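For reference, the structure is listed below as structure tokens.
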Amino acid sequence: MIEISNLHKSFGDNHVLAGIDLSMAKGESMVIIGGSGTGKSVLLKSVLGLITPDSGTILVNGKDATAGDRDAFLAQFGMLFQGGALFDSLSVWQNVAFRLMRGEQKLHKDKAREIAIEKLRRVGLKANVADRFPAELSGGMQKRVGLARAIAAEPDIIFFDEPTTGLDPIMSGVINELIREIVVEMGATAMTITHDMSSVRAIADKVAMIHDGIVQWTGPIDQLETSGNPYLDQFLNGRAEGPIEAVR
Amino acid sequence: MDIFLTPFAAIGAATLAILASIGRVVMYAAQTFMHIFRPPFYPRELAAQLLHIGYFSLPVVGLTAIFTGAALALQIYAGGARFNAEAVVPQIVAVGMVRELGPVLVGLMIAARVTSSIAAEIATMKVTEQLDALVTLSTHPMKYLTVPRVLAALIVVPMLVAVGDTIGIMGGYLVATGRLGFNEAAYLQNTYNFLEIMDVVSSLVKGAAFGVIAAMMGCYYGMQSERGAQGVGKATKTSVVAASVLILAANYILTEAFFSA
């Protein structure tokens with residue numbers, strides 16, 4: 001489904017991605033973990049074309065992600081942004097239905113609103129939220145609206161960028177469960193980046209750990225605790241001592 | 001040797017930076033104009049911007065114009081009295097407002113009110129990843145944000161200039177007839193007789209140019225914004241400064257084009 005080979009990206013002297021190799025099968029939920037500033041977001045944005053990599057290849061369904069029709073390519077994706085990235089000037093339902101009301105598959109306003117309300121219900125929000133504006137919602141509700149927007153057009157691939165950042169543990173658990181349920185019922189391929197281990201355990205089929213610009217370890221979730229990888233062990237146990245340098 | 005070369009290196013680096021900056025703005029403007037004619041179009045966004053840039057700017061334009069026209073009448077009367085030319089107040093107020101002060105003041109007011117608001121809004125959208133979200137939703141930020149704003153400014157700022165010119169002339173009329181003893185009918189007749197069609201055309205063309213500059217600078221610096229609150233503040237400040245300077249420079253160039261002997 002997604003094949004990333006030898007991906008490099010630098011910002012000045014900072015080599016954020018130094019040869020990432022990663023592959024994801026269709027319907028798989030991959031969670032990418034790593035410390036802050038290790039290039040997880042850069043990797044995700046490179047796949048979407050929001051950042052242009054210096055070198056390397058990204059294949060989605062066997063096709064080069066940087067070539068061909070951008071709109072058709074992006075139509076396969078849904079994305080939940082870290083801060084929600086909801087459009088302030090639009091109401092909640094207009095945010096959710098944004099893609100549905102544009103492009104070649106454009107739906108009538110009434111139909112788009114109906115689907116938006118259905119998606120809002122799916123993420124646990126009532127229909128009366130539909131006409132409110134993002135600024136009137138709590139952080140947890142904004143995440144849910146972002147999730148509803150990401151799944152509104154029923155994409156094949158969904159990206160989650162730090163889905164639980166800024167939420168309390170209970171709300172984090174709720175969002176994690178929602179993500180897992182939705183990914184399974186849609187049969188979508190999911191890529192999540194996080195450093196929240198509760199998200200990893202709730203969402204992942206497969207885990208990849210990034211450090212120093214490369215994938216240090218990748219494997220199924222049930223091998224997470226027994227990998228023997230020093231980078232992964234240090235990260236999982238939150239130790240300051242180990243191969244990952246921790247500045248005090 | 002380095003001591004002698006350092007100032008030249010600094011001048012060279014600054015010159016290159018300025019030229020690169022001009023190049024980026026020109027490329028951005030060229031891309032914007034190309035996108036104006038290519039679908040998809042966003043009429044709802046355009047309508048919202050017509051209202052925001054046009055209708056909601058009317059109070060500030062009206063207030064600026066009326067006080068400027070009134071002060072202009074007083075100045076011309078006092079200045080004209082030095083060589084017994086007090087009677088030229090209607091003509092000079094009309095020419096001054098229509099050719100110069102109307103479009104320039106409206107342009108600067110739009111730079112203050114609209115450019116700053118566009119830059120702050122788009123910069124905040126960038127900082128909060130809303131621009132990235134637009135892209136992932138298959139929507140080109142330039143088509144969705146820049147084109148409606150630039151097009152709306154191109155359409156409504158000439159109208160605002162026409163309103164500003166008229167209200168400015170009325171400001172002069174009120175002072176001249178109320179305080180300086182001018183006859184009402186003769187003042188309006190003199191104003192009407194003295195103005196030429198080219199005065200009005202130049203005023204409206206300047207308005208269109210200044211509107212495009214104001215909206216373009218807001219969008220450009222908003223999209224170039226750096227991270228954080230400081231990035232948004234810097235984008236807003238730079239956009240207003242750039243728009244104001246470019247409006248004054250464009251005013252000189254257009255005045256040369258229309259009225260040089």
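The values are calculated or read from the model by the stated rules, or taken from the named source; none is laboratory data. All figures in this text were calculated on a predicted structure; none of them were measured in a lab. Heads up, the Cβs are rebuilt from the backbone with ideal geometry, glycines too, and the neighbour counts pull from every protein chain shown. Accessible surface areas use protein heavy atoms only, side chains included; no ligands, DNA or RNA. Shrake-Rupley method; radii C 1.70, N 1.55, O 1.52, S 1.80 Å.
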**Item:** Theoretical FRET efficiency, 1/(1+(r/R0)^6), r = Cβ-Cβ of residue A:121 and residue A:198, R0 22 Å, to 0.05
**Value:** 0.30
**Message:** Given Cα positions, please report Rg to Rh for the protein assembly as shown, the hydrodynamic radius being the Kirkwood one.
**Reply:** 1.11
**DSSP-assigned coil residues among trypsin sites (Lys or Arg not before Pro) in region B:159-232, each with at most 11 further Cβ atoms within 10 Å** = B:227
**Asked** What angle do you read, to the nearest 10 degrees and between 0 and 90, between the alpha-carbon axis of helix A:169-186 and the longest principal axis of chain A?
**Response** 80
**Request:** In nm, give the distance between the simple-model label positions of residue A:214 and residue B:13, each being 7 Å from the Cα along the Cα-to-Cβ direction.
**Result:** 3.6
**Prompt:** Based on the Cβ-Cβ distance from residue A:246 to residue B:227, what FRET efficiency comes out when R0 is 22 Å, to the nearest 0.05?
**Reply:** 0.35
**Message:** Taking only complete DSSP H runs, can you tell me which helices of chain B stretch 24 Å or more along their own long axis by Cα positions and average at least 1.6 on the Kyte-Doolittle scale?
**Reply:** B:147-178
**Fill in**
FRET efficiency for residue B:6 and residue B:245 from the Cβ-Cβ distance with R0 = 22 Å, rounded to 0.05, comes out at 0.20
**Message:** As a test of the definition: which semi-axes, in Å, follow for region A:1-158 when you take the square root of five times each eigenvalue of its alpha carbon gyration tensor? Largest first, please.
**Reply:** 31, 18, 13
**Request:** Place +1 on the Cβ of every Lys and Arg and -1 on the Cβ of every Asp and Glu in region B:43-259, take the dipole about the Cα centre, and give the residue among B:223, B:96, B:248 whose Cα lies farthest towards its positive end.
**Result:** B:223
**Item:** Inter-site label distance for residue A:104 and residue B:34 at 7 Å from Cα along Cβ, in nm
**Value:** 2.2
**Message:** Is the C-alpha gyration tensor of chain B telling us rounded, prolate or oblate? Criteria: a/c under 1.5 is rounded; beyond that, a/b larger than b/c is prolate, otherwise oblate.
**Reply:** prolate
**Fill in**
GNM of chain B, Cα pairs under 10 angstrom: of B:95, B:135, B:175, the biggest fluctuation goes to B:135
**Prompt:** So which residues in region A:85-116 end up with at least 30 square angstrom less accessible surface once the other protein chains are there, compared with the chain by itself, probe 1.4 angstrom?
**Reply:** A:85, A:87, A:88, A:98, A:99, A:102
**Prompt:** How many nm separate the modelled label positions at residue B:237 and residue A:185, each set 7 Å beyond the Cα in the direction of the Cβ?
**Reply:** 5.1
**Message:** So if I take the alpha carbon set of region A:156-198, get Rg, then get Rh from the Kirkwood formula, what is the Rg over Rh ratio?
**Reply:** 0.96
**Fill in**
Listed residues B:58, B:101, B:160; largest mean-square fluctuation, Gaussian network over chain B with Cα springs below 10 Å, found at B:58
**Request:** With the full set of protein chains in place, find how many percent of the accessible area of the protein assembly as shown is carbon and sulfur; take the probe as 1.4 Å.
**Result:** 62
**Prompt:** Assigning unit charges at the beta carbon (Lys, Arg +1; Asp, Glu -1) and nothing else, what dipole magnitude in debye, to the nearest 20, does region B:43-259 show about its Cα centre?
**Reply:** 400
**Complete:** In degrees rounded to 10, the 0-90 angle between helix A:139-151 Cα long axis and the longest Cα principal axis of chain A is 80
**Item:** DSSP-assigned coil residues among GluC sites (Glu not before Pro) in region A:182-244, each with at most 12 further Cβ atoms within 10 Å
**Value:** A:225, A:241
**DSSP loop GluC sites (Glu not before Pro) with at most 14 other Cβ within 10 Å: longest gap in chain B** = B:1-195
**Asked** When the helices in chain B are scored as -39500 (n - 2.57) per DSSP H run of 4 or longer and the sum is shared across all residues, what 222 nm value do you end up with, to the nearest 500 deg cm²/dmol?
**Response** -26500 deg cm²/dmol
**Request:** Answer rounded, prolate or oblate for region B:1-127, using the Cα gyration tensor with square roots of eigenvalues a ≥ b ≥ c: rounded when a/c is under 1.5, else prolate when a/b is larger than b/c, else oblate.
**Result:** oblate
**Prompt:** Among A:216, A:234, A:105, which one moves the most in a GNM of chain A with springs linking Cα atoms closer than 10 Å?
**Reply:** A:105
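Can you pull out the buried accessible area for chains A and B, both sides counted, probe 1.4 Å, rounded to the nearest 100 Å²? Don't jump to the answer; show the numbers that get you there.
Working: alone 11900 and 13710 Å², together 24080 Å².
Summing both sides, the interface buries roughly 1500 Å².
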**Message:** Heavy atoms of the protein only, probe of 1.4 Å, neighbouring chains included. What is the accessible area of residue B:19 in Å², nearest 10?
**Reply:** 110
**Message:** Rounding to the nearest 10 and keeping the result within 0 to 90°, find how far the Cα-based axis of helix A:109-122 lies from the longest principal axis of chain A.
**Reply:** 50
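To the nearest whole number, what is the average tally of beta carbon atoms from other chains within 10 Å of the beta carbons of peptide A:45-51?
2
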**Item:** Residues losing 30 Å² or more accessible surface upon assembly, region B:98-142, compared with the chain by itself, 1.4 Å
**Value:** B:129, B:130, B:132, B:133, B:135, B:136, B:137, B:138
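Per DSSP H run of n ≥ 4, the term is -39500 (n - 2.57); total these for chain A, divide by its residue number, and report the mean residue ellipticity at 222 nm rounded to 500 deg cm²/dmol.
Numbers: 8 runs with 79 residues, N = 248.
Computed ellipticity for chain A at 222 nm equals -9500 deg cm²/dmol.
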**Message:** Run through region A:20-61 and list the trypsin sites (Lys or Arg not before Pro) located in a DSSP loop whose Cβ has at most 13 other Cβ atoms within 10 Å.
**Reply:** A:26
**Prompt:** Which value, in Å², gives the accessible area per residue of region B:141-228 when a 1.4 Å probe is used on the protein heavy atoms?
**Reply:** 40
**Message:** Can you return the lysines within cross-link range of residue A:143? Criterion is Cα-Cα under 16 Å, with same-chain partners fewer than 8 residues away left out.
**Reply:** A:119, A:126
**Prompt:** With charges only on Cβ, +1 for K and R and -1 for D and E, what is the dipole size of the protein assembly as shown about its Cα centre, in debye, rounded to 20?
**Reply:** 1060
